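The values are calculated or read from the model by the stated rules, or taken from the named source; none is laboratory data. Keep in mind it's a predicted model, so treat the numbers as computed, not measured. Every residue, glycine among them, receives a Cβ derived from its backbone with ideal geometry; neighbour counts consider all protein chains shown. Protein only, heavy atoms only, side chains kept; ligands, DNA and RNA dropped before computing areas. Shrake-Rupley method; radii C 1.70, N 1.55, O 1.52, S 1.80 Å.
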Amino acid sequence: MSDSGRFYSGSTSLRAGKSREKFYWVGHDASLAYTPRAVRREDLNRYTCEYQRRCARFKATLGLTDGFFFPERDMCYCPACHAERGDNEIYQRGNPAKPYVLPLGWCRFALKVPLPQVKLPRGGTVAAFDSWQMCFHGTLRDNVKPILETGGLRRPGDDIAGGTLSQRNGHYNEEWKPEGFDTLQVFVSPSIRYSSNDAYSSPYTWRDNTTGRTYWVRSAFQARIRPGSYTVGPTTLARVRPGDRIDPIYSTREIEWSTKHVEAIMLYGLLVKMEPVP
C-alpha cells in the first residue's frame, strides 16, 4: 500500500459534492460487548476488500469489544474501494464549513456514539454533530483500547483506563515548548497526513498469520469537534518549521487544533493503515 499522500496528486480544489459517507449516531449498548480471541467468520464475510479484511484481522488483535463498534458504517479508503464509490477526495463539513479530506489509504471501523438531537426553529430535529467539523487524532496501537474504554480523548495528566496520560517526545511538552504555551490540552488536526506523523502515530510491526506477511501499521481516530471550542494554531512538531508544507489544503500555521474541552470532541471511527515491510 503506497503512502496516502499520493492520493493528493489530483485536483485539490474544494468541492462541496455529496459523499456516500453517512454518519449515524447510535447509543452504546454494553450488552453487546465481548472480547474476541480472533476475527469471527461473519465479520470477515462482511468485507469484500482484501485490504479491509487484513485491517480487520489487525483490529482483532487489539482486544476491543464489539460494543464499541457500528460495523454497518465501516468504510475502506483503499484506492480500489475509493474508485468504486466514485467519491471526491475533498468535501466541506461542519458549520461554518471547513475542508474535509478523506483519509485515503486508511480503513475505518465505525464507532458507536450518542445521538443528541437539536430542535429546529420551524419544527423537526437534526443530529447535533452535523454542524461539527471533521478532525483526526493519531495515536499508538497500545493507546487505542485505553482511549475507547475511557470514553474519548483526554488531556495529558488526566486519568485513563489503565493509568495516566503522559506526554510524548517529538512535539511540544512541558520540558520543551515556547514560553507560555499550554501543552495540557487535547490536540487534533484536520489533516490525516499530519496526524499520522511518527510523533503521534508511530508505525507498529505486525505479522498477518493469514498471509504470512509483515506490515507497518498505523492507527488514528476520526472525529468531529464542536465549532468555537478550539484554537487553530501552527504545528507543535519538533522537526517541522512553520513554513514547511505537510498538507496541500491546510498550511502548517493552521494545521493543529487544540482544546481543553474534552467533551467537545466526538470519536466516530478507528482508522487503520498498513504497508508491507520491504
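Here are the numbers:
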read-out	value
Residues satisfying the stated conditions in the range 221-278, i.e. exposed (fewer than 13 other Cβ atoms within 10 Å of the Cβ) and either within 17 Å of the chain's Cα centre (by Cα) or under 17 Å from Y200 (Cβ atoms) (or both)	A238, R239, D244, E263
Selection from the range 157-200 of residues that are open to solvent by less than 40 Å² (accessible area, probe 1.4 Å), modelled with pLDDT of 70 or more and not in a loop (DSSP other than H, G, I, E, B)	V186, V188, S189, I192, Y194, S195
Unique match (being open to solvent by 40 Å² or more (accessible area, probe 1.4 Å), more than 21 Å from D66 (Cβ to Cβ) and modelled with pLDDT under 75) among R154, R122	R122
First in the range 176-199 and within 15 Å of L104 (Cβ to Cβ), second anywhere and modelled with pLDDT under 90 and of a type in the set (A, V, I, L, M, F, W, C), Cβ under 9 Å, 6 or more apart	S191/I246; R193/I246; Y194/L237; Y194/V240; Y194/I246
Within the range 194-237, tally of residues that are of a type outside the set (S, T, N, Q) and within 18 Å of S258 (Cβ to Cβ)	16
Subset of the range 201-241 (residues that are in a strand (DSSP E or B) and free of Cβ contacts under 8 Å to residues at least 24 places away in the same chain)	R207
